[in-house]
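Below is one structure; the comments refer to it alone.
The values are calculated or read from the model by the stated rules, or taken from the named source; none is laboratory data. Because the structure is a prediction, the values reported are computed rather than measured. Note that we place each Cβ from the backbone using ideal geometry, even for glycine, and neighbour counts take in every protein chain shown. Side chains are part of the model used for accessible areas, which takes the heavy atoms of the whole protein and leaves out ligands, DNA and RNA. Shrake-Rupley method; radii C 1.70, N 1.55, O 1.52, S 1.80 Å.
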Amino acid sequence: MPSSISNSSHRAPDLNYRNAILCALAVALTAAAALAAANAYFDPFDFGAPGPKAPFDRVNQFRLKNTALWEIASVERVLKALPEASDAQYLIIGDSRARAMTGSWRKDSTLFVQDHRGRKIFNLAYGGADLTTSLMIYERYKARFPKADTVIFAVHFDELSDTERRTDQMEEALRIAENPLFYYISFRTLKVALDGLKDREKFTPREDASAKLRMMKLTAPKKYRRTMRYPATNDLQKLFDDARTIRLTKLARTTILNSDPSVVARNIDSIIRPAVDRDPDKKFLFVAMPMHPVLERPMAGKQAAGYAAMAAGLRGLGFFYDASMYDGAATAFKFTDAMHVKDAAPDIMQDAIDCSLHPEGRPSVIAHDGHSPCPGGD
Amino acid sequence: MVFNSWAFIPFFALTLAAYYLLRSWRLQKTMLLGASYVFYGFFHPPYVLILVASTLIDFKLSHWIARAEGGRRRLLLLVSLVSNLGMLAYFKYAEFALENFNAALAQLGVTAQFPVWDIVLPVGISYYTFQTLSYTIDVYRRKLPPSDSLLDFAFFVAFFPQLVAGPIVRALDFLPQTQEPQRARFSSRQFGWGLHLLVFGLFGKIVLADRALAPLVDYAYSRANEIDFWTAWIGTIAFSGQIFFDFAGYSISAIGVALCYGFELPDNFRFPYAATGFSDFWRRWHISLSQWLRDYLYISLGGNRKGEVRTYINLALTMILGGLWHGAAWTFVFWGALHGAYLVAERLLQPVIDAAGKASGLAGRIAGMAITYILVCYAWVFFRARDFSDGVKFVEAMSAPAPMPAHLREGSALAMAIMGATLAAQWMMRDTTIEAVWAKYPFLLRALILGGAIFLIFSTRGEQRAFIYFQF
């Protein structure tokens, strides 16, 4: 038998390896230090880098470059500045519609809020999150909220029908949260900063970040509220109503026409159930948030069956609150923002919590005509 | 665990330290065997049991085969083939077979359907199955005596650098190394070059395959319904680079890691895009698989010993089965069939090719390389496409020239520059080795290249993408 391999060409050449490797490490470390200094100066995701900072409007210029990383940086920033945020009893997870629950569209929005009933709520939702990434961020941060006993999970029926997941941004963001060194020695951080520099003149120099670092009281002024029957009460909406603007009707809760109930059930079992089972002492409150309006046809067939499978599956795991039919402001031409429903989103959250605590029915925040939004309520 | 994960750094450091601190060769091998099971267990712990079972079955069978004669010998080989290929068939092809069976039933108007099993493919099963198969076949062919040591045999099957994505190591090459305790003596030359190879491989995987090329490939191949000439070509050329740097990157890292422990693994790539024909391509691409297929499938089918027509059939059949080895999908079968057709056509046209090559010299060889590369790219389309119809859309688009969209010019510049440089470098290095080229560089240049590669590995690292060949 041959004593060594016959077709290997990888025999070590006779070189000075020790010095070459030491020199190579010195080159790599010098380059990494220079990159880290540049990234700390630009700090596009507002990670709280030490030292002088470039005067950017980071929220406008960089937030959308990587929403997962921006969210992680925001959570870390708020937890550092507001130690009492760790006392939150409610955690919200989900996408931008769930993020709107704590008033993301307001200038003084924050992740940590106290609602009108005095409940402390921390928002871990972020724009573009899906079911998997929502649970990833929850798993990463749940230990930082020892008093949190309820998870408000904004679910998205379309995602439960679709099994394709993209977790790369969140994986990278969580890796950075665990070790910020990756943020500083990443070329991507520098690329984002340099791309932002090109657009600099489009943005105002700097916003006051301090507004975000305090707890916001979440009680929407009455004029912004709407009833469950959705007549508008804000001025712009009234204007359209008065002008006999077409009021579109949302007929279906989803854009997925051929959903497969078995796929929905399987996704609930494989994605959501493990998270619920891991935390038996926590209560999960699932909220089906408003969807894009679909006007062509009412829910029927496989679509309706899939939706029913979602509702049944989630009821088996916690409390299910359906706000999917809630419409945003309508105009003559389109829904202005039928999904995020902005000022109504915090009210939906508060109704959902109230219903989960008192499922027999309780006057709604949204429906101030005395109706209850709770299933089984009035 | 994979080489491009953070977990690998402490794993590698600890096993190296333990390996060189231990003083007994037997203990050193035992430690590496245990570490290899831990490495494998990171993917899906229960599947370590399959690896162990496969090892025990083939160890025992090889001894029985060696002692048996005649029909009993053949029967025992058959048992080995059935157990190895049966395992592969269950884990890798059962779902595919059931889906196709159901589709065939539906075509016949039968409404009843068999439930399709949801089977998790044990990572690396195609590689270690082929390793153990080659061992029992070699024992059967009396090329190799059965291993006396279960430890050595288990170590050969499970040695972690090559366990999950090759190179496919032959017992004939590896088992003798387990009898050479001098390999465990620390050699700065071997260790240093092993680290160099690990860095080169990770640079190829993380910087070139994942960061520079993969986004363009994903972009192109997610748009099959609206694909145009340039997007199809650029996406496919980028994929030819992605799969090369991904797989060759893994192989070279594996060879480097093994070398750090003093073990030699076979070469798996030799500048394949510099090939001037398809038989040349398969001598340079995934060498350990093509040699395996040649020695254990093509030759077993009769090779070129049974006449011209039978040679072509054997060639095509070997390549089709080689395609199926890559994955349970018709796209892989078609990819293999396409390469089989290329090889058959090349063999048929060999006199013409030889005459043209002699007449045109260097220009003819460059033309040969270009034609081979372009046809290999056409085949890659089916390897990468989500399904067969997407592949057809790509091929149609690649054959219908159209103006280049403006956004693509800017977005693909870096990737196309990398591919241009890769093809040029492979051409220039086609008859040499990395080692020979590296040894010619001055010290400072070597330090700058190596330092730059280490820096780029860490600073461009994004999400951890699995190696493409893990799925096979």
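Descriptive notes on the structure:
- In the range B:271-310, of all residues being in a loop (DSSP other than H, G, I, E, B) and touching a residue at least 24 places away in the same chain (Cβ under 8 Å), the one that is most open to solvent (accessible area, probe 1.4 Å) corresponds to B:THR276.
- Filter result for B:ALA337 (under 23 Å from the mean Cα position of the chain (by Cα) and outside any helix (DSSP H, G or I)): no
- For the range A:32-72, the set of residues classified as small (Gly, Ala, Ser), closer than 19 Å to A:ALA177 by Cα and free of Cβ contacts under 8 Å to residues at least 40 places away in the same chain consists of A:ALA37, A:GLY48, listed by residue number.
- Options B:LEU343, B:LEU338, B:LEU375; residue that is open to solvent by less than 30 Å² (accessible area, probe 1.4 Å) and in contact with a Phe, Trp or Tyr (Cβ under 8 Å, 6 or more places away or on another chain): B:LEU343
- Any hit, the range B:458-472, residues being within 24 Å of the chain's Cα centre (by Cα), of a type in the set (Lys, Arg), part of a helix (DSSP H, G or I) and more than 30 Å from A:ARG11 (Cβ to Cβ): no
- The condition (being within 14 Å of another protein chain (Cβ to nearest Cβ) and without any contact (Cβ under 8 Å) to a residue 12 or more places away in the chain) is satisfied by just one residue among B:ASP148, B:ASP138: B:ASP148.
One line per residue, one yes/no per condition, for (1) acidic (Asp, Glu); (2) open to solvent by 10 Å² or more (accessible area, probe 1.4 Å); (3) in contact with a Gly (Cβ under 6 Å, 6 or more places away or on another chain); (4) closer than 15 Å to B:GLY34 by Cβ:
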position	(1), (2), (3), (4)
B:PRO146	no, yes, no, no
B:LEU150	no, yes, no, yes
B:PHE155	no, no, no, yes
B:GLN162	no, no, no, no
B:VAL169	no, no, no, no
B:LEU175	no, yes, no, no
B:PRO181	no, yes, no, no
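- Enumeration of residues in the range A:23-43 that are at the interface with chain B (Cβ under 7 Å from one of its Cβ atoms), of a type outside the set (Gly, Ala, Ser) and over 17 Å from B:LEU444 (Cβ atoms): A:LEU35
- Every residue from the range B:194-205 that is open to solvent by 10 Å² or more (accessible area, probe 1.4 Å) and either away from chain A (no Cβ under 11 Å) or in contact with a strand residue (DSSP E or B) (Cβ under 6 Å, 6 or more places away or on another chain) (or both): B:LEU198, B:LEU202, B:PHE203
- Taking the conditions (1) over 23 Å from B:GLY249 (Cα atoms); (2) not in a loop (DSSP other than H, G, I, E, B) in turn, B:PHE39 satisfies each one other than (1).
- Qualifying residue in the range A:80-87 (condition: at pLDDT 85 or above, open to solvent by less than 20 Å² (accessible area, probe 1.4 Å) and within 7 Å of chain B (Cβ to nearest Cβ)): no
- For the range B:311-328, the set of residues classified as within 17 Å of the chain's Cα centre (by Cα) and open to solvent by 30 Å² or more (accessible area, probe 1.4 Å) consists of B:ILE320, B:LEU321, B:LEU324, B:ALA328, listed by residue number.
- Residue check, B:LEU208 closer than 22 Å to B:PHE383 by Cα, open to solvent by 50 Å² or more (accessible area, probe 1.4 Å) and under 18 Å from the mean Cα position of the chain (by Cα): no
- B:ARG74 fulfils the conditions (1) loosely packed, with under 15 Cβ neighbours inside 10 Å; (2) not in a helix (DSSP H, G or I) except for a single criterion, (2).
- When the range A:1-30 is filtered for residues that are open to solvent by less than 30 Å² (accessible area, probe 1.4 Å) and modelled with pLDDT of 90 or more, the ones remaining, listed by number, are A:ALA24, A:ALA28.
- Only residues that are away from chain A (no Cβ under 13 Å) and in a helix (DSSP H, G or I) were counted across the range B:152-177, and they come to 7.
- The condition (being modelled with pLDDT of 90 or more and either farther than 24 Å from A:TYR183 by Cα or aromatic (Phe, Trp, Tyr) (or both)) is satisfied by just one residue among B:LEU445, B:LEU456: B:LEU445.
- Among the residues of the range B:406-457, the ones that are part of a helix (DSSP H, G or I), open to solvent by 20 Å² or more (accessible area, probe 1.4 Å), at the interface with chain A (Cβ under 10 Å from one of its Cβ atoms) and closer than 28 Å to B:GLY277 by Cα come to 3 in all.
- Residues (at pLDDT 90 or above and either crowded, with 22+ Cβ neighbours inside 10 Å or in contact with a Leu (Cβ under 9 Å, 6 or more places away or on another chain) (or both)) located in the range B:217-229: B:VAL217
- The combined condition, being modelled with pLDDT under 95, under 19 Å from B:ARG386 (Cβ atoms) and open to solvent by less than 10 Å² (accessible area, probe 1.4 Å), is not fulfilled by B:ASP267.
- Sole exception among (1) at pLDDT 75 or above; (2) more than 11 Å from chain B (Cβ to nearest Cβ); (3) not in a loop (DSSP other than H, G, I, E, B) for A:ASN60, by number: (1)
- Residue in the range B:244-262 that is within 11 Å of chain A (Cβ to nearest Cβ) and open to solvent by 10 Å² or more (accessible area, probe 1.4 Å) present: yes
- Any hit, the range B:278-298, residues being more than 14 Å from chain A (Cβ to nearest Cβ), under 20 Å from B:HIS326 (Cβ atoms) and touching a Lys or Arg at 6+ places or on another chain (Cβ under 6 Å): no
- Of the helices (runs of 4 or more DSSP H) lying entirely inside the range A:111-200, those carrying at least 2 residues that are away from chain B (no Cβ under 12 Å) are A:131-141, A:157-161, A:187-198.
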